[in-house]
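The block underneath contains the structure these notes are about, expressed in structure tokens.
The values are calculated or read from the model by the stated rules, or taken from the named source; none is laboratory data. Everything numeric here is computed off the predicted structure, so don't read it as measured data. Neighbour counts run over all protein chains shown; Cβ positions are idealised from the backbone, glycine included. Remember, those area values only see protein heavy atoms, side chains included, never the ligands or the DNA or RNA. Shrake-Rupley method; radii C 1.70, N 1.55, O 1.52, S 1.80 Å.
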Amino acid sequence: MEQSFRSFCRNADGSWTCIAPATLFHPQGRIQVAPGTCFYPGTVFMGVDLAAWLDAQAADAGGVRSSQSVAR
């Protein structure tokens with residue numbers, strides 16, 4: 001599995017913001033996300049709770065990029 005979550009930044013409130021164009025390959029199908037799109041836990045996008053899925057992908061890979069670690 002490629003580390004698709006690296007195109008996202010995890011925010012302090014548990015949401016994820018897309019910071020680069022992303023194509024995610026989820027068991028439900030391919031999902032394309034544009035930069036600036038934000039996903040909150042419990043919100044379903046194209047049949048998937050992407051915040052929960054990104055949390056799981058990041059945990060499996062051993063780390064996340066938080067909004068506090070992104071250069072502004």
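Inspect the range 62-72 for any residue being surrounded by 15 or more Cβ atoms within 10 Å (Cβ to Cβ) and modelled with pLDDT of 85 or more and give the result as yes or no.
Within the range 62-72, none of the residues are surrounded by 15 or more Cβ atoms within 10 Å (Cβ to Cβ) and modelled with pLDDT of 85 or more.
Hey, can you tell me all the residues within the range 1-24 that are open to solvent by 70 Å² or more (accessible area, probe 1.4 Å) and modelled with pLDDT of 85 or more?
Across the range 1-24, the qualifying residues are R10, A12, D13, I19, P21.
Return the total of residues in the range 1-54 being within 11 Å of the chain's Cα centre (by Cα), touching a residue at least 24 places away in the same chain (Cβ under 8 Å) and outside any loop (DSSP other than H, G, I, E, B).
Within the range 1-54, residues that are within 11 Å of the chain's Cα centre (by Cα), touching a residue at least 24 places away in the same chain (Cβ under 8 Å) and outside any loop (DSSP other than H, G, I, E, B) number 17.
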